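Working notes, beginning with the structure itself.
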Protein chains: 2
Amino acid sequence: MKKVTINSVAEYAGVSKKTVSRVLNNEPNVSPATREKVLKVFEELNYKPNPIARGLAQNRSFIIGCLYDNPSKSYITRVQSGALEACQKHSYNLLIHPCELRGQDLIDNVEQLLTTSRLDGIVLTPPFSDSNELIAFLKQRNIPYARVASAIEGDDSISIRSNDEQGAFELTEHLINLGHTEIAFIKGHPDHSATENRFSGYQKALAKHGIEYRERLVAEGNFSYHSGADSAKAILDLEPRPTAVFASNDYMAAAVLKLATQREIKVPEQLSIAGFDNAPIARHIWPGLTTIAQPVEEMTRIAVEELIKHIAQPQEAPFQQVLEAKLITRESTKARSNS
Amino acid sequence: MKKVTINSVAEYAGVSKKTVSRVLNNEPNVSPATREKVLKVFEELNYKPNPIARGLAQNRSFIIGCLYDNPSKSYITRVQSGALEACQKHSYNLLIHPCELRGQDLIDNVEQLLTTSRLDGIVLTPPFSDSNELIAFLKQRNIPYARVASAIEGDDSISIRSNDEQGAFELTEHLINLGHTEIAFIKGHPDHSATENRFSGYQKALAKHGIEYRERLVAEGNFSYHSGADSAKAILDLEPRPTAVFASNDYMAAAVLKLATQREIKVPEQLSIAGFDNAPIARHIWPGLTTIAQPVEEMTRIAVEELIKHIAQPQEAPFQQVLEAKLITRESTKARSNS
DNA sequence: ATACAGTCTGACACCGGTGTCATAATGTCG
DNA sequence: CGACATTATGACACCGGTGTCAGACTGTAT
């Protein structure tokens with residue numbers, strides 16, 4: 001099998017390289033007859049353009065980078081799956097790059113990535129999507145980027161997020177409607193903007209229903225299962241014990257459930273537990289977790305699609321969208337017992 | 001900031017492009033003085049070679065592809081994390097490509113991937129690592145590849161696997177030593193070689209201890225949580241009910257635990273449950289799952305490292321290794337009660 | 001018929017590196 | 001000291017595409 005290049009196609013079709021290139025890129029100013037002829041030769045010779053040569057000439061790589069630093073593996077998996085869908089649709093490839101927000105030289109690390117890979121664009125997932133420093137760097141270097149679940153408002157770049165505050169508000173209201181008033185809350189990682197938003201939704205729902213906010217009911221987590229376990233311990237040791245716990249993600253909620261079960265506290269009869277994200281684990285355990293479904297895949301898919309659009313044709317008005325979060329009720333929440 | 005290319009370096013250092021290229025690639029036949037001089041200019045100008053141009057000239061991409069089709073997200077995460085470690089160490093990038101083994105044109109799909117991305121090598125994870133068809137294709141196309149957890153023996157290519165049979169044998173023996181004789185087994189996906197190996201370890205342990213193998217105790221799963229739930233139903237409906245269940249992975253074991261808990265069957269008092277893999281979920285639920293720790297990250301890391309070595313310098317003897325699996329006991333298994 | 005705009009096409013340089021080969025500089029040995 | 005092997009270096013083509021620009025070929029208005 002000989003290699004089929006643009007030269008062989010040109011020769012075979014009896015036209016110049018450049019004309020072949022024009023057909024390849026759907027450029028105007030090619031007569032229909034010529035276009036037809038070249039396309040036929042593509043078929044005949046089964047020609048595939050070499051992306052590397054193309055990249056060299058156009059200074060592009062057709063690769064999108066995805067930055068992440070997230071303790072929740074399932075979140076990453078969902079992010080990847082959305083990003084991959086968009087990439088595959090547009091013949092881009094996805095390069096994954098885990099790194100640490102608090103690493104001593106995040107900027108150096110990203111610079112290194114950019115010089116070794118010449119990415120066409122970068123998707124920032126939390127907590128990077130909230131890093132002003134990183135965003136300033138990318139802007140200065142003129143690298144297209146899209147923010148997923150970012151709370152930064154002033155930046156005129158692509159941004160897709162879901163309504164975390166609204167979701168947390170609805171979930172809290174759900175618990176209140178079940179008769180709960182002692183609702184503990186486990187916060188997420190302080191570097192993530194979702195943490196503040198979810199917390200604020202919780203507080204607003206309490207306020208709306210005239211329930212006093214009590215700081216002792218709030219524990220500091222960081223979205224990891226482990227931090228959930230620590231918070232669970234603090235909360236379940238409280239006297240009197242709250243009748244409901246709202247954890248900022250499903251992993252931490254699972255940790256609460258584990259400890260409660262260990263201590264033979266009946267869920268949901270004696271304790272209602274709710275999470276956030278609708279991660280797989282929410283339905284893999286018993287009782288299933290009431291949670292807020294966050295469209296992680298979709299957010300990322302849209303972000304990457306818009307990023308690719310933007311790379312092909314930089315526009316004035318960057319795409320920004322807020323998706324709705326949705327309440328999913330399962331067995332882990334129940335009306336408060338009148339004991 | 002002006003672009004620093006090999007030309008500017010050459011000019012600045014007062015040598016030819018080619019000599020710069022020699023220094024870049026650590027080629028011999030450069031005088032120490034010249035090498036020194038050029039290296040200093042690298043520093044001074046902060047020169048980074050353009051990987052795309054390099055790729056074009058050498059017909060390489062510095063990208064490793066990772067093929068997967070696995071219902072277990074946590075498995076994929078672990079695979080990626082091992083592969084990434086090796087890639088980053090050697091300045092390669094990782095491109096992830098999910099696709100379906102049973103898809104109508106797996107070969108076409110992979111061919112497409114190869115023509116659009118010019119991968120330098122491919123890591124095959126289960127079930128692709130057992131696909132003779134795919135392996136034959138890669139061999140014919142002369143694409144370097146490494147197999148992770150493959151059972152194919154004749155193929156002289158890089159292969160890293162763990163001892164599934166031994167692991168399953170030990171786990172089964174552990175249950176037997178606890179007094180169990182009615183041990184149900186949930187098989188994995190038939191396309192994965194691990195499925196047969198784990199099953200065989202189970203059978204051999206029974207045989208060694210003179211316990212009759214009974215087909216009615218065996219359910220067909222496919223490694224997904226969902227299939228575990230179906231199998232769990234079949235097994236827990238058996239009369240008499242087995243006193244232990246060994247599921248071929250932790251997800252399916254979690255499904256058994258969920259159903260048992262729903263039916264108020266006490267684990268481990270009335271039913272011992274064990275899984276395989278030591279996935280995160282094994283310690284995120286209560287009771288924690290007794291399982292076999294499989295070094296997924298390490299297997300993949302080694303596979304990718306060897307693959308990169310092989311790309312740089314094709315050797316005669318391909319690297320092959322079998323890693324040990326290790327028993328992890330948690331709360332989900334217990335001595336059979338004498339009721 | 002002439003002028004002129006618009007459409008089509010190809011020659012050629014270029015992207016930023018590497019491979020091949022010729023030649024210059026140096027070292028070794030009889 | 002001359003003959004020869006070895007080391008060091010650069011000129012140049014090449015990888016497989018794209019950008020620029022000039023020129024040929026239309027069609028239309030004057």
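The values are calculated or read from the model by the stated rules, or taken from the named source; none is laboratory data. Note that the structure is predicted; figures quoted are calculated from it, not measured. Here the Cβ positions follow ideal geometry from the backbone for every residue, glycine too, while neighbour counts run over all protein chains shown. Surface areas here come from the heavy atoms of the whole protein model, side chains and all, with no ligands, DNA or RNA. Shrake-Rupley method; radii C 1.70, N 1.55, O 1.52, S 1.80 Å.
Being in a helix (DSSP H, G or I), of a type in the set (Gly, Ala, Ser), closer than 21 Å to A:ILE308 by Cα and free of Cβ contacts under 8 Å to residues at least 12 places away in the same chain: is that true of A:ALA33 here?
Details: in a helix (DSSP H, G or I): yes; of a type in the set (Gly, Ala, Ser): yes; closer than 21 Å to A:ILE308 by Cα: no; free of Cβ contacts under 8 Å to residues at least 12 places away in the same chain: yes.
So A:ALA33 does not fit the description; no.
If you scan region B:242-274, which residues turn out to be surrounded by fewer than 18 Cβ atoms within 10 Å (Cβ to Cβ), within 14 Å of chain A (Cβ to nearest Cβ), touching a residue at least 12 places away in the same chain (Cβ under 8 Å) and not β-branched (Val, Ile, Thr)? Before the answer, list the steps.
Quick first cut of region B:242-274, residues surrounded by fewer than 18 Cβ atoms within 10 Å (Cβ to Cβ) only: B:262-266, B:269-270.
Next, only the ones that are within 14 Å of chain A (Cβ to nearest Cβ) stay: B:262-266, B:269.
Next cut, touching a residue at least 12 places away in the same chain (Cβ under 8 Å) only: B:263, B:265, B:269.
Within region B:242-274, B:ARG263, B:GLU269 meet the criteria.
Of the residues in region A:76-94, how many are facing another protein chain (nearest Cβ under 10 Å) and closer than 23 Å to A:ASP130 by Cβ?
So the answer is 7.
Which residue out of A:GLU111, A:GLU100 is at the interface with another protein chain (Cβ under 10 Å from one of its Cβ atoms), farther than 19 Å from B:THR115 by Cα and out of contact with any strand residue (DSSP E or B) (no Cβ under 9 Å at 6 or more places or on another chain)?
Checking each option against the conditions leaves just A:GLU111.
Do you know which residues across region A:276-290 are more than 8 Å from every other protein chain (Cβ to nearest Cβ) and either over 16 Å from B:LEU257 (Cα atoms) or part of a loop (DSSP other than H, G, I, E, B) (or both)?
A:PHE276, A:ASP277, A:ASN278, A:ALA279, A:PRO287, A:GLY288, A:LEU289, A:THR290, listed by residue number.
Considering only residues of region B:286-300 that are farther than 15 Å from B:LEU171 by Cβ and in contact with a helix residue (DSSP H, G or I) (Cβ under 6 Å, 6 or more places away or on another chain), which is most open to solvent (accessible area, probe 1.4 Å)? Outline the logic, then answer.
The first filter runs over region B:286-300 and keeps only residues farther than 15 Å from B:LEU171 by Cβ, leaving B:286-287, B:295-300.
Retained after the next criterion (residues that are in contact with a helix residue (DSSP H, G or I) (Cβ under 6 Å, 6 or more places away or on another chain)): B:286, B:296-297, B:300.
Working: B:TRP286: 80, B:VAL296: 0, B:GLU297: 64, B:THR300: 0 Å².
Residue satisfying both the conditions and the ranking: B:TRP286.
Considering only region B:209-229, how many residues are out of contact with any Phe, Trp or Tyr (no Cβ under 8 Å at 6 or more places or on another chain) and away from every other protein chain (no Cβ under 14 Å)? Let's see the steps before the verdict.
Here is the first cut: in region B:209-229, the ones out of contact with any Phe, Trp or Tyr (no Cβ under 8 Å at 6 or more places or on another chain) are B:209-216, B:220-222, B:226-227, B:229.
Now narrow it down to the ones that are away from every other protein chain (no Cβ under 14 Å): B:209-216, B:220-222.
Going through region B:209-229 one residue at a time, the tally reaches 11.
Kindly indicate the residue of region B:23-53 that is open to solvent by 50 Å² or more (accessible area, probe 1.4 Å) and near DNA strand D (Cβ under 9 Å from one of its atoms) and also nearest to B:VAL148 (Cα to Cα) among those meeting that condition.
Within region B:23-53, the first condition is being open to solvent by 50 Å² or more (accessible area, probe 1.4 Å), and the residues that meet it are B:25-29, B:31-33, B:35-37, B:39-40, B:43-44, B:46, B:48.
Remaining after also requiring near DNA strand D (Cβ under 9 Å from one of its atoms): B:27-29, B:31-33, B:35, B:37.
Working: B:GLU27: 33, B:PRO28: 36, B:ASN29: 40, B:SER31: 43, B:PRO32: 43, B:ALA33: 46, B:ARG35: 41, B:LYS37: 44 Å.
Of everything passing the filter in region B:23-53, B:GLU27 is nearest to B:VAL148 (Cα to Cα).
Could you check region B:133-161 and list, in sequence order, the residues that are within 17 Å of the chain's Cα centre (by Cα) and β-branched (Val, Ile, Thr)?
Of everything in region B:133-161, those that are within 17 Å of the chain's Cα centre (by Cα) and β-branched (Val, Ile, Thr) turn out to be B:ILE135, B:VAL148, B:ILE152, B:ILE158, B:ILE160.
Starting from region B:98-126, keep only residues that are of a type in the set (Gly, Ala, Ser), then list their pairs with residues that are modelled with pLDDT of 90 or more whose Cβ atoms are within a distance under 6 Å, requiring at least 6 positions of separation or different chains.
As it stands, the answer is B:GLY121/B:ILE64; B:GLY121/B:PRO144; B:GLY121/B:LEU307, since those pairs meet every condition given.
Which ones in region A:4-22 are assigned to a helix (DSSP H, G or I), open to solvent by 50 Å² or more (accessible area, probe 1.4 Å) and near DNA strand C (Cβ under 10 Å from one of its atoms)?
A:LYS17, A:LYS18, A:ARG22
Within region B:64-75, does at least one residue satisfy the condition of being within 13 Å of chain A (Cβ to nearest Cβ), at pLDDT below 90, over 30 Å from A:HIS284 (Cβ atoms) and surrounded by 17 or more Cβ atoms within 10 Å (Cβ to Cβ)?
no
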